[in-house]
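S.K.: Dropping the structure in here first, questions after.
The values are calculated or read from the model by the stated rules, or taken from the named source; none is laboratory data. All values derive from a computational prediction rather than experimental measurement. Cβ atoms come from the backbone with ideal geometry, glycine included; neighbour counts cover every protein chain shown.
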Amino acid sequence: MYPLKVIEKYYAHGSTAYHFLTEHSRMVAEKAVQIARRVGYLNPDLNFIREAALLHDIGILFTDEPGIGCYGYKPYICHGYMGRELLENEGFPVHALVCERHVGVGITRQEIEENGLPVPARDMVPVTIEEQIICYADKFFSKDTEFLLREKALEKVRQSLAKYGEDKLEQFDEWVKLFGMT
């Protein structure tokens, strides 16, 4: 599995979207591998984490986010399940699950139905330790100029998650205890 080859199949090398996707994903992958090494007693698969973290946002090309060079037709929240479909079609079903399950700290079927979210009505919550590590690491970086290459402070991450509900903040705080900050 060569993540950049998969990315380059869908993103023009040197394009704005390619830049935002690869730089963001590289930062997330580095942090995720750091975390995985710190919790080695949980036996996370480092190679899988590196690959899946590099691919976790591959579905952004389907979204309408001109600021990051994406001119698709879907709202940004759809990038997770669209990435899953793309990677499943490429023959990477386990990597695909990371795409779908990393959005926020995970989205439940109940939340999707209650809020009328434009995604398939199924649980999209990180399950494996690898999925959880990648999801956690992702919260510290954004696809914007301020936090593309610079890690967000813990309190900034907490503030951004708080607007989605206390349960999201509780999940994140559990990961802080399990995975640590740096």
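S.K.: Counting only residues that are surrounded by fewer than 18 Cβ atoms within 10 Å (Cβ to Cβ), over 24 Å from Ile133 (Cβ atoms) and either under 17 Å from the mean Cα position of the chain (by Cα) or in contact (Cβ under 8 Å) with a residue 60 or more places away in the chain (or both), how many does segment 44-75 have?
M.R.: Of the residues in that region, 2 qualify.
S.K.: Separate question: Picking from His79, His95, His102, which residue would you name as being closer than 21 Å to Arg50 by Cβ, touching a helix residue (DSSP H, G or I) at 6+ places or on another chain (Cβ under 8 Å) and either free of Cβ contacts under 8 Å to residues at least 40 places away in the same chain or of a type in the set (Asp, Glu) (or both)? Lay out the reasoning, then the answer.
M.R.: Details: His95 fails: either free of Cβ contacts under 8 Å to residues at least 40 places away in the same chain or of a type in the set (Asp, Glu) (or both); His102 fails: either free of Cβ contacts under 8 Å to residues at least 40 places away in the same chain or of a type in the set (Asp, Glu) (or both).
Sole residue among the options that is closer than 21 Å to Arg50 by Cβ, touching a helix residue (DSSP H, G or I) at 6+ places or on another chain (Cβ under 8 Å) and either free of Cβ contacts under 8 Å to residues at least 40 places away in the same chain or of a type in the set (Asp, Glu) (or both): His79.
S.K.: Something else: Looking only at helices (runs of 4 or more DSSP H) that lie completely in segment 110-182, which have at least 2 residues being surrounded by 12 or more Cβ atoms within 10 Å (Cβ to Cβ) and at pLDDT 95 or above?
M.R.: Numbers: elements: 129-138, 154-162, 166-179.
Here the list reads 129-138, 166-179.
S.K.: State all residues of segment 80-102 that are among the hydroxyl-bearing types (Ser, Thr, Tyr) and either touching a Ser or Thr at 6+ places or on another chain (Cβ under 6 Å) or not in a helix (DSSP H, G or I) (or both); if no residue qualifies, say none. First the steps, then the outcome.
M.R.: Taking segment 80-102 as the starting set, the residues that turn out to be among the hydroxyl-bearing types (Ser, Thr, Tyr) are 81.
Selection gives nothing.
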